[in-house]
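Here is the structure we will look at, set down as structure tokens.
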Amino acid sequence: MKNKFYVLVATAVMIALTWLATPASAASHGNDTWSMEVNKDHHNKESLEKYKPLILLEAKELGIETEGKELQALAEEVFKKKVYNMADEMGISTEGKTIEELKKEIHQQKVMEKAKEFSIETDGKEAKVLAKEVYKEMLVRKAAKLGINSDGKETEELREAVFFQMVKNEATELGIETEGKDPHELKEKIRETKIYDTAKELGLDLGDKNSEQLFQEIINEHAAEAKENKLYPFGDKSDMFHH
């Protein structure tokens, strides 16, 4: 079970690299929204095969040979390559280090960079304590931008408030009615709307297909085109805090 879960996370690539790995699991994923799609399905044992076109696309872009490799092994190779690339970009030596060691170093370095940016004192603090402080400061700053009063709010309460407001804002931008809907309902409606928008942009025949059918058609037959044109789920840059 643990190995299967690791493989699915590896498929998502950036999920396991979410740099602020606090208990609340905040994540700003940039254009790695497709990674979240995989994460959403991580309890589905068919998930790995379901996202095969995306794994192959990532492998090709990373210069990884795919011929003759089992999908599980290829997913792990893609994941590891992403970790090594990120470490290299950050100036972290990879020699003789395991993937877990590199992930930890990447995380710690990013936390330190954010702490410096936020003028948070780092001396004598354990990594987990500092990460929580940085995360809370990120929430406070995001809340301020959203017009949310963070005074007296614990981290979890503030996270929920920020998440809900961000979802509502995005839904409104997409013309989705928000009245009486909880954030998870809105999140699903946002995803559905974006899938239909991508399908239309790609000129797909909508017919009577539902959003899941269209999503599978997009990733199985039009993944490269969708990514090139920065369409959902590749070009989605909504700065979400995900549960």
_Thr94 - would you say it is in a loop (DSSP other than H, G, I, E, B), in contact with a Lys or Arg (Cβ under 9 Å, 6 or more places away or on another chain), free of Cβ contacts under 8 Å to residues at least 60 places away in the same chain and not basic (Lys, Arg)?_
no
_the range 79-90: number of residues that are open to solvent by less than 70 Å² (accessible area, probe 1.4 Å) and over 19 Å from the mean Cα position of the chain (by Cα)_ = 1
*Go through the range 97-113 and give me each residue that's in contact (Cβ under 8 Å) with a residue 60 or more places away in the chain and open to solvent by 50 Å² or more (accessible area, probe 1.4 Å).*
Lys110
*asked:* So, in the range 179-203, exactly how many residues are modelled with pLDDT under 95, assigned to a loop (DSSP other than H, G, I, E, B) and in contact with a helix residue (DSSP H, G or I) (Cβ under 9 Å, 6 or more places away or on another chain)?
replied: 2
*Criterion violated by Glu76 - all others in (1) of a type outside the set (Val, Ile, Thr); (2) at pLDDT below 90; (3) surrounded by fewer than 16 Cβ atoms within 10 Å (Cβ to Cβ) satisfied*: (3)
_Neighbours by Cβ (under 6 Å, 6+ apart or cross-chain): first from the range 145-160, of a type in the set (S, T, N, Q); second open to solvent by less than 90 Å² (accessible area, probe 1.4 Å)_ = Ser150/Val140; Ser150/Ala143; Ser150/Leu158; Thr155/Lys136
*Within the range 204-217, work out how many residues are loosely packed, with under 13 Cβ neighbours inside 10 Å and either within 21 Å of the chain's Cα centre (by Cα) or in contact (Cβ under 8 Å) with a residue 60 or more places away in the chain (or both).*
1
_Quick check on the range 35-68: of everything there that is at pLDDT below 85 and of a type in the set (A, V, I, L, M, F, W, C), which residue is surrounded by the fewest Cβ atoms within 10 Å (Cβ to Cβ)?_
Met36
*Could you tell me which numbered condition Asn220 fails, if it satisfies all but one of (1) loosely packed, with under 14 Cβ neighbours inside 10 Å; (2) assigned to a loop (DSSP other than H, G, I, E, B)?*
(2)
*May I ask you to list pairs of residues, at least six apart or on different chains, whose Cβ atoms are under 9 Å apart, with the first in the range 58-84 being within 22 Å of Glu225 (Cα to Cα) and the second being open to solvent by 80 Å² or more (accessible area, probe 1.4 Å) and assigned to a loop (DSSP other than H, G, I, E, B)?*
Ala59/Glu65
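The values are calculated or read from the model by the stated rules, or taken from the named source; none is laboratory data. Just so it is clear, the model here is predicted, and its values are computed rather than measured. We place every Cβ from the backbone using ideal geometry, glycine too, and count neighbours over all the protein chains shown. The protein model used for the area step is the full one, side chains on, heavy atoms only, and it has no ligands, DNA or RNA in it. Shrake-Rupley method; radii C 1.70, N 1.55, O 1.52, S 1.80 Å.
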